[in-house]
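The values are calculated or read from the model by the stated rules, or taken from the named source; none is laboratory data. This structure is a prediction, so every number in the text was calculated from the model and none was measured. Cβ placement follows ideal geometry from the backbone for every residue including glycine, while neighbour counts extend to all protein chains displayed. For the accessible areas, the whole protein counts, side chains as well, though only heavy atoms, and no ligand, DNA or RNA atoms are used. Shrake-Rupley method; radii C 1.70, N 1.55, O 1.52, S 1.80 Å.
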Amino acid sequence: MLKKTFRNLLYQIPPVRRYVDQVRQTRASAEDLEKEIARLNEIINHSRSPALFQSKDDLLTERLLAHPAIIPLPEVSISSSPAIDNSNREIVAERLLDAYHKSLEDEHKSSLRREGEDVWTELIRNELPDLMAMVENRKAKELADYLMNFGQSFVWFGGITTCLDGYNKNLDPKQVALTYLDKLICFSESIGLSRFESPEHGPWGNNLHENLAELVDEIEKHLGISIAPPLGIIHTDGLQINENLFHYRHINGLYCGTRIADLRTDHGKVCEFGGGLGITAMYARRLGVTDYTMLDLPITCLLAGHYLLHAVGLDSVALYGETMREDVIKILPFWECLNLPDKSYSLTINQDSFPELAENLITEYLNQIKRITTDRFLSINHESFYPKTVANFIKQNSGYQRLYRGKYWVREGYLEEVYDISNGNEKV
């Protein structure tokens with residue numbers, strides 16, 4: 001009783017009262033903070049990807065994933081493989097220079113011209129000045145050395161290297177490896193080897209923990225080919241699985257190759273508008289598509305030619321101005337689409353480029369695709385520049401009938417659309 005009375009008396013003294021009130025407030029704030037932390041931890045533990053809440057940068061990875069990242073994260077890593085010199089590099093460079101300069105001589109003769117500047121024209125002018133100088137001055141040895149070392153460091157753009165690029169906003173190697181793993185699992189699900197996970201019924205969060213060496217073996221048995229990317233051509237960063245490195249563009253090219261093999265009819269020819277490095281063409285060839293034509297900007301043709309001549313062999317690729325055989329990958333400047341024979345391809349494809357081109361090119365390409373194709377057109381593109389989308393351009397062009405529109409398996413934010421041309425006499 002005396003203690004209580006004494007405390008009450010002390011509390012009447014203003015400095016003592018202020019101190020006691022501050023202590024009580026601090027204790028209450030600490031208890032509230034602990035409760036809030038516990039509440040947030042509970043939310044994180046029940047979130048889609050609880051393993052990706054270690055830093056704010058983790059969320060840059062999470063939005064690229066098709067699968068939940070649960071605790072613990074899978075033990076995966078990114079490794080690098082440098083380019084290796086070989087006796088063919090200068091021979092390849094000479095062929096590339098001959099094809100490039102012939103295309104420069106012939107471009108002005110074509111009626112198909114670019115109106116205004118598109119994404120790729122600006123990119124090449126601003127990002128590759130050293131390459132352009134070597135090419136224009138026909139420096140074969142310098143070009144061979146440059147191309148061998150091309151892509152050794154990060155680039156903000158994608159499509160023409162197999163180094164770390166702008167696809168990953170968080171460049172922590174474990175985060176990059178996780179995104180590449182996610183795409184490999186997506187591919188396995190697309191061909192029916194891995195069970196497609198369901199957040200409604202379960203399982204949910206298991207697929208990222210598959211045994212990857214066994215999974216690659218199963219994929220190869222299912223497809224009947226090796227899926228190992230060729231190393232030593234250019235610098236490669238990739239998901240390490242045994243001795244192989246899988247960049248996400250290898251996985252994308254493998255998926256596109258399987259779609260091409262599935263969609264073409266009667267073992268027909270295939271034409272790709274664009275094509276980047278030619279990784280899709282390489283995998284399609286492994287899957288039996290031997291007559292394959294690529295159309296692109298002259299400088300991109302040079303980069304693709306360099307990759308493919310080393311990847312599939314000097315006799316299996318024909319550049320502009322060289323003899324065109326039916327059993328090779330043919331790499332031609334974009335305006336050559338006007339000179340391709342009518343109804344000579346059973347399937348045409350475009351991926352990740354039409355929305356980024358000048359509008360007059362898109363319109364003309366769709367006209368030419370309709371002319372040269374007997375059966376189907378496959379489009380894999382984003383709609384970030386809406387309303388400048390493939391679907392909207394096709395609505396303005398009779399002769400296409402959409403058979404399918406769905407989310408793209410191996411890249412978030414992309415669509416896969418298949419159009420029938422053989423019976424497409426009415427607008428979509």
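Restrict the check to the stretch 67-76 and report whether at least one residue is among the hydrophobic types (A, V, I, L, M, F, W, C) and open to solvent by 100 Å² or more (accessible area, probe 1.4 Å).
yes
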Among what's in the stretch 23-50 and is touching a helix residue (DSSP H, G or I) at 6+ places or on another chain (Cβ under 8 Å) and not charged (D, E, K, R), pick the residue that is farthest from residue 173 (Cα to Cα).
44
Somewhere in the stretch 92-105, is a residue within 24 Å of the chain's Cα centre (by Cα), in a helix (DSSP H, G or I) and surrounded by 19 or more Cβ atoms within 10 Å (Cβ to Cβ)?
no
Looking at this structure, is residue 202 outside any helix (DSSP H, G or I) and modelled with pLDDT of 95 or more?
no
If the requirement is being in contact (Cβ under 8 Å) with a residue 40 or more places away in the chain, among the acidic types (Asp, Glu) and assigned to a helix (DSSP H, G or I), which of these qualifies: 220, 189, 214?
189
Are any of the residues in the stretch 143-158 among the hydroxyl-bearing types (Ser, Thr, Tyr), farther than 23 Å from residue 227 by Cα and surrounded by 15 or more Cβ atoms within 10 Å (Cβ to Cβ)?
yes
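For residue 192, indicate whether it is loosely packed, with under 14 Cβ neighbours inside 10 Å and on the phi > 0 side of the Ramachandran plot.
So residue 192 passes the test.
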Flag for residue 169 being of a type outside the set (A, V, I, L, M, F, W, C) and not in a loop (DSSP other than H, G, I, E, B):
no
Hits in the stretch 378-404 - residues which are part of a loop (DSSP other than H, G, I, E, B) and of a type in the set (Lys, Arg):
388
Inter-residue pairs, beta-carbon under 6 Å, first on the phi < 0 side of the Ramachandran plot and of a type in the set (Val, Ile, Thr) and in the stretch 260-282, second open to solvent by 20 Å² or more (accessible area, probe 1.4 Å) and in a loop (DSSP other than H, G, I, E, B), 6+ apart:
270/264
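Results for (1) open to solvent by less than 40 Å² (accessible area, probe 1.4 Å); (2) not hydrophobic (A, V, I, L, M, F, W, C), shown as yes or no for each residue.
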{"position": "251", "(1), (2)": "yes, no"}
{"position": "257", "(1), (2)": "yes, yes"}
{"position": "262", "(1), (2)": "no, yes"}
{"position": "277", "(1), (2)": "yes, no"}
{"position": "322", "(1), (2)": "no, yes"}
{"position": "325", "(1), (2)": "no, yes"}
{"position": "333", "(1), (2)": "yes, yes"}
{"position": "342", "(1), (2)": "no, yes"}
Out of (1) closer than 30 Å to residue 213 by Cβ; (2) touching a helix residue (DSSP H, G or I) at 6+ places or on another chain (Cβ under 7 Å); (3) of a type in the set (A, V, I, L, M); (4) part of a loop (DSSP other than H, G, I, E, B), what's the single condition that is false for residue 112?
(1)
Restrict the check to the stretch 62-82 and report whether at least one residue is at pLDDT 80 or above, among the basic types (Lys, Arg) and part of a helix (DSSP H, G or I).
no
